[in-house]
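Data first, discussion second: the structure below is written as structure tokens.
Values quoted throughout were computed directly from the atomic coordinates according to the rules given, and no laboratory measurement underlies them. Not measured: the values here are computed from a predicted model. Positions of Cβ are generated from backbone atoms using ideal geometry, with glycine treated the same way; all protein chains shown enter the neighbour counts.
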Amino acid sequence: MDKTSCKFCTLKSSAAKKLTDSELETMSSNCAEVHFKAGDTIIIQDALSTNVAYIKSGLVKIHIRGPIKEKIMKIAKAPTYLCLPSTFGDKVNHFSATALEKTTVCFIDVTTFKNFIYQNGDFAYQIITDMSKGELLNFHSLINNAQKQNIGRVADAILFFATEIYNSTTFTLPISRQDLGDLLGITRESASRILTDFHNEKILQIEGKKITILNEPLLTQISEKG
């Protein structure tokens, strides 16, 4: 756990950039930077929520324990806040967060964070904007999963990792086939079979967890038509 100077941080959130020097000093005094390795638990569901978590670098999966099993809700890439609606909506965490790779998180005292919202309108507006964008992305994700067949969902996921996470047509899938199925709401077997079909049809080249997109136009067409 490290203490850090928020004023000189080059990875500040768009909201933190609206804070005054004095407010940034206050944040520094009420913030701790913690480093996690892949597989480490960052946030535990049902634990008391006393901090706002900001992913400074790295990649995180957000998952919720349901009555039968866990459900992966989304993959979050730095820099971003982790599930602010849950943080403000209750005193306990409604989700868990696990690092998928080496990840650095800033934990900000929730009372301090709320004071910035009360006192700094520009900061508050930026937080609302970020939460609204996140909500819209959730809407699109829900409708895609509801209306697309399994093959379209898998194509969506591969394009998401390529364009939104790694910005490359070659990448190492950061989650297991089981997690991929959980993320898409399909079985591990279905996810594995579709990936194998994509490989055999030369849409993808798959070597273990390493994936290379060979035919992006066709993969995009499959994603769009579902």
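Given the peptides 52-60, 168-176, arrange them by the average over their residues of other C-beta atoms within 10 Å, most packed first.
52-60, 168-176
Just want the ordering: TYR125, TYR166, TYR118, from fewest to most Cβ atoms lying within 10 Å of their own Cβ.
Fewest-to-most ranking of TYR125, TYR166, TYR118: TYR118, TYR125, TYR166.
Ordered by residue, what ³J(HN,Hα) values in Hz, to whole numbers, does the stretch 165-178 give under the Karplus form 6.51 cos²θ - 1.76 cosθ + 1.60, where θ = phi - 60° and Gly and Pro are x?
Result, ordered by residue: 9, 10, 6, 7, 7, 10, 7, 9, 4, x, 10, 6, 4, 4 Hz.
Please give the charge dipole size of the stretch 67-226, origin at the Cα centre, charges +1 on K and R Cβ atoms and -1 on D and E Cβ atoms. Round to the nearest 20 debye.
The dipole of the stretch 67-226 has a size of about 280 debye.
If I take every Cα pair under 8 Å that is 6 or more residues apart in the chain, average their sequence separation and divide by the length, what percent do I get for the relative contact order?
Reported as a whole number, the value is 19 percent.
Quick check: the distance between the Cα centres of the stretch 7-51 and the stretch 166-226, to the nearest angstrom?
Distance between centres, Cα-based: 34 Å.
Tabulate in residue order the Karplus-calculated ³J(HN,Hα) for the stretch 213-226, using 6.51 cos²θ - 1.76 cosθ + 1.60 with θ = phi - 60°, rounded to whole Hz; enter x for Gly and Pro.
7, 9, 10, 5, x, 5, 4, 5, 4, 5, 4, 5, 7, x
Going by average Cβ density within 10 Å per residue, which order do the peptides 179-188, 64-73 take, highest to lowest?
Those peptides, ordered most packed to least, come out 179-188, 64-73.
Search the structure for amide H atoms under 5 Å from the amide H of THR80, placed 1.01 Å from N in the peptide plane, and list their residues when 5 or more places away or on another chain.
Result for THR80 returns ILE55.
Would you kindly calculate the translational diffusion coefficient of the chain, applying Stokes-Einstein with the Kirkwood radius from alpha carbon pairs, for 20 °C and a viscosity of 1.002 mPa s, and quote it in µm² s⁻¹ without decimals?
Using the Kirkwood radius from Cα pairs, D works out to 113 µm²/s.
Holding the Cα-Cα limit at 26 Å, pick out from LYS12/LYS61; LYS56/LYS225; LYS7/LYS71; LYS12/LYS77; LYS69/LYS202 the pairs that are longer than that.
Where the Cα-Cα span goes over 26 Å, the pairs concerned are LYS56/LYS225; LYS7/LYS71; LYS69/LYS202.
With n ≥ 4 as the cut-off for DSSP H runs, can you work out [θ] at 222 nm for the chain, using -39500 (n - 2.57) per run divided by the number of residues, rounded to the nearest 500?
-13000 deg cm²/dmol
Counting other beta carbons within 10 Å of each Cβ, put GLU33, GLU201 in order, fewest first.
Lowest to highest Cβ neighbour count: GLU201, GLU33.
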